[in-house]
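Below: the structure, in structure tokens.
The values are calculated or read from the model by the stated rules, or taken from the named source; none is laboratory data. Bear in mind the structure is a predicted one, so any value in this text is a computation, not a measurement. Cβ sites come from the backbone with ideal geometry, for glycine too, and all protein chains shown count toward neighbours. What goes into the accessible areas is simple: the full protein's heavy atoms, side chains included, and nothing from ligands, DNA or RNA. Shrake-Rupley method; radii C 1.70, N 1.55, O 1.52, S 1.80 Å.
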Amino acid sequence: MTSNTQWWQKGIIYQVYPRSYQDSNGDGIGDLPGITQRLDYIKSLNVEALWISPIYPSPMHDFGYDVADYVGIHPMFGTMADFDHLLGEAHARGLKVLLDLVPNHTSDEHAWFIESRRSRDNPKRDWYIWRDPAPDGGPPNNWLSFFGGPAWTFDEKTGQYYMHQFVKQQPELNYRNPAVMDALLGSMRFWLDKGVDGFRVDVLWLMLKDDQFRDNPPNPDWDGVVPIGSLLQTYTADVPGIHDIVRQMRQVLDSYEERMMVGEIYMEIEKLVTYYGEHLDECHLPFNFHLISSRWEAPIIRQLIETYEANLTGGRWPNWVLGNHDQHRVATRIGVHQARVANMMLLTLRGTPTCYYGDELGMEDVPIPLELLQDPAALNQPEIAHIVGRDPERTPMQWDDSPNAGFAAEGVQTWLPLAADYQTRNVAKQNADPTSMLNFYRVLTALRNAEPALHAGDYATVMTSHNDVLAYRRSAPDGNNFVIVLNFSDNDLTLDLSQVASTATIAVATDMERAGTVDLSQLALHGNEGLVLRL
Ligand code: GLC
């Protein structure tokens, strides 16, 4: 396994949300030269690749996920020369660069949509999804937007509705039209020709819709809170034909050396894994978000890992995610202590890990007062902003304790407020503290990279008599084996793991202090403690 492991299998993907990483020009918004300045830091995390959320020209109704030009750079982020420089500097450090590809929809300011909405007989009309009103003049069917309200907006001038599952400034492209597919593949080639190493593909599983535009059925399990949850996405997600689209994208990637794509897909595991393709000819990695959606309890996570592993037949390579720019931060969801346990797990499970910027410091969600809300998901649904709002996990990176945390110059108004704890939780402080989350993260990533058992070895659950403990073994053909023992509770406990071996050596402990040899027949674990044990 080890010898032919690809970079995207062995390495760790680090997500940079560009608006919040490093401002270099004093506008309070991060930019490309800012990211370039921080590449040495990224390299110091022992990650393999950075994925940068969208940097294209955009009116920013959805913070860059409303793309007005697939082959340009937003002046707010810099120039194409800045991008080329970043790419060159990243590659010089052995870092790969993934861009965020947003094929499902464009901005309503994209030249294609401006054309499309001009008249019903415009040559680009059919590039988007236009429908006549229902007999009562209302939307053509019951489809909903993820950000509240119907998935349809009426266009006065041409008397039809266009479809959008996000904000109304994000009209959806019609992938039943081959010209649209060609245009997408052309945009991919533009970046691949520049040397970009691949793409994270936005809402990949939503790219095709039902050709009969049938109503989505009601969701019997709806919690009554988030409106989009009231319907099953039967006719708007994972629609037959989608896999042909993914395969065509993959073929473009495969016509270059060593490129990859990771698809954003929120689906149950059995369906998720179909996006590897029957012949491993679709996504290299369909994102596995189940650690985010599952309850943080050892038996539930164990079951999740086993179900996932069982579905990874025929060379499908696993991946795990604890956070991204759409989800509340892991340290907020499960607490700062368990966040160490969770990262120990992420970095020792079988499969490619993804790290969301700042999670390596244990950054938490930052409560955003109503008057400072930016995210359309929150602004359109203010009564549930605390649930659906994504600003809290998008706040500026905490570099040091200077005003504006080293993210922006002193006196600059940052686009989102800084975390209240930035003077104590920041890169500079944590660099200096050998037991910090950051150094914990680095020790784990270095160990993972160095040990075939951890980046390429097999996974096996180790059963214990404690419900709060998750334990597993990672083993490599070279005989170097590890057992990882994670206490999901805050209770101290003692375990008998003598079925594995009589003793082991602590390779990493969550407190960064515990060391030495342990007796596995009576292994004491503190509350919230995790250990990577070398057998
Ligand atoms: C994806 C992105 C999210 C965005 C949405 C629409 O889910 O991750 O941030 O709002 O797609 O593009």
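Restriction of the GluC sites (Glu not before Pro) in the range 198-265 to DSSP coil positions whose beta-carbon has at most 14 other beta-carbons within 10 angstrom yields GLU257, GLU258. Computed from backbone phi, the HN-Hα couplings of the range 529-535 come to 9, x, 9, 9, 10, 8, 7 Hz, rounded to whole numbers (Karplus: 6.51 cos²θ - 1.76 cosθ + 1.60, θ = phi - 60°; Gly and Pro given as x). Let me make sure I get this right: for the range 420-535, a, b and c are the square roots of the gyration tensor eigenvalues over alpha carbons, sorted descending. Under 1.5 in a/c it's rounded, otherwise prolate if a/b > b/c, else oblate. Which is it? Oblate, because a/c is 1.5 or more while a/b does not exceed b/c.
A crude spin-label estimate for the pair ALA420 and ALA515, with each label 7 Å from Cα along the Cβ direction, gives 3.7 nm. Once the trypsin sites (Lys or Arg not before Pro) in DSSP loops with at most 15 neighbouring Cβ atoms within 10 Å are cut out of the chain, the longest remaining piece is 296-513.
Calculated from DSSP H runs of 4 or more alone, at -39500 (n - 2.57) each and per residue, what is the 222 nm mean residue ellipticity of the chain, nearest 500? Don't skip to the answer; put the middle values down first.
On the way: 17 runs with 135 residues, N = 535.
It comes out at -6500 deg cm²/dmol, rounded to the nearest 500.
Ordering LEU347, ILE368, GLY406 by Cα displacement along the dipole of the range 326-410 toward the positive end leaves LEU347 in first place; charges were set at the Cβ atoms of Lys, Arg (+1) and Asp, Glu (-1). For the set MET344, MET512, solvent exposure ranked by accessible area (probe 1.4 Å, protein chains only) runs largest to smallest as MET512, MET344. Excluding THR435 itself, what net charge comes from residues whose Cβ is under 9 Å from its Cβ, given Lys and Arg +1 and Asp and Glu -1? Around THR435, the charge tally is -3. Cα centroids of the range 495-522 and the range 47-119: 47 Å apart. Taking amide H positions as modeled 1.01 Å from N, with prolines and chain starts lacking one, the residues under 5 Å from CYS355 and 5 or more places away or on another chain are ILE13, TYR14, GLN15.
Provide the net charge surrounding THR332, with neighbours chosen by a C-beta distance below 11 Å and charges set as Lys +1, Arg +1, Asp -1, Glu -1. Mind dumping the intermediate values first?
On the way: positive: ARG329, ARG333; negative: ASP359, GLU364, ASP365, GLU393.
Counting the neighbours of THR332, the net charge comes to -2.
Note on the range 420-469 and the range 247-320: Cα centroid distance 23 Å, given to the nearest whole angstrom.
Give the residue from GLN327, GLY263, ASN141 lying farthest towards the positive end of the charge dipole for the chain; charges sit on Cβ (+1 for Lys and Arg, -1 for Asp and Glu) and the dipole is referred to the Cα centre. Of the options given, the answer is GLY263.
Treating the beta-carbon of each Lys and Arg as +1 and of each Asp and Glu as -1, no other charges, what is the dipole magnitude of the range 458-534 about its Cα centre, to the nearest 20 debye? Each step should come with its number before you reach the end.
Values: 4 positive and 10 negative charges, 55 e Å.
I would put it at about 260 debye.
Rounded, prolate or oblate, given the Cα gyration tensor of the range 99-226, with a/c below 1.5 counting as rounded? Verdict is oblate for the range 99-226. For ASN219, the residues 5 or more places off, or on other chains, whose built amide H falls under 5 Å of its own are LEU231, LEU232. Put a plus charge on the Cβ of each Lys and Arg, a minus charge on the Cβ of each Asp and Glu, and nothing anywhere else: the dipole of the range 322-381 about its Cα centre is then about 340 debye. Backbone amide hydrogens, once placed in the peptide plane, bring ASP155 within less than 5 Å of GLN160, TYR161, TYR162, excluding anything fewer than 5 places away on its chain. Element breakdown for the range 458-534 at a 1.4 angstrom probe: carbon and sulfur atoms account for 41% of the accessible area. With a simple spin-label model that places each label point 7 Å from the Cα along the Cα-to-Cβ direction, the separation between GLU410 and GLU258 comes to 4.4 nm.
With a ≥ b ≥ c taken as the square roots of the eigenvalues of the C-alpha gyration tensor of the chain, please select rounded if a/c is under 1.5 and otherwise prolate if a/b is larger than b/c or oblate if it is not? Don't skip to the end; give the middle numbers.
Details: a/c = 1.71, a/b = 1.52, b/c = 1.13.
Here the chain falls in the prolate category.
One decimal place: the segment GLU371-HIS386 gains 4.1 nm when fully extended, by the rule 0.36 nm per residue minus the C-alpha distance.
What's the carbon and sulfur percent of the range 270-325's accessible surface, probe 1.4 angstrom, rounded to a whole number? Let's see the in-between values first.
Values: 1000 of 2000 Å².
After summing per-atom areas, the C and S share lands at 50 percent.
Once neighbouring chains are kept in place and the probe is 1.4 Å, which whole percent of the accessible area of the range 118-196 is contributed by carbon and sulfur?
Working: 1710 of 3350 Å².
Heavy-atom surface of the range 118-196 belonging to carbon and sulfur, 1.4 Å probe: 51 percent.
Converting phi to 3J(HN,Hα) with the Karplus coefficients 6.51, -1.76 and 1.60 and the offset θ = phi - 60°, the range 77-84 yields 8, x, 10, 4, 5, 4, 5, 4 Hz in sequence order, with x at every glycine or proline. Computed with a 1.4 Å probe over protein heavy atoms only, the accessible surface of the chain comes to 37 Å² per residue. Coupling constants for the range 448-461 follow from the phi torsions by the Karplus curve (6.51 cos²θ - 1.76 cosθ + 1.60, θ = phi - 60°), and in residue order they are 4, 5, 7, 10, x, 4, 8, 9, 9, x, 7, 10, 9, 5 Hz; glycine and proline get x. Net length available on complete extension from ILE300 to PHE154 is 48.1 nm, with 0.36 nm assigned per residue and the Cα-Cα distance removed.
Placing +1 on each Lys and Arg Cβ and -1 on each Asp and Glu Cβ, with no other charges, gives the range 400-535 a dipole about its Cα centre of roughly 380 debye.
Of all beta bridges that DSSP places with both ends in the chain, some 60 percent have antiparallel geometry.
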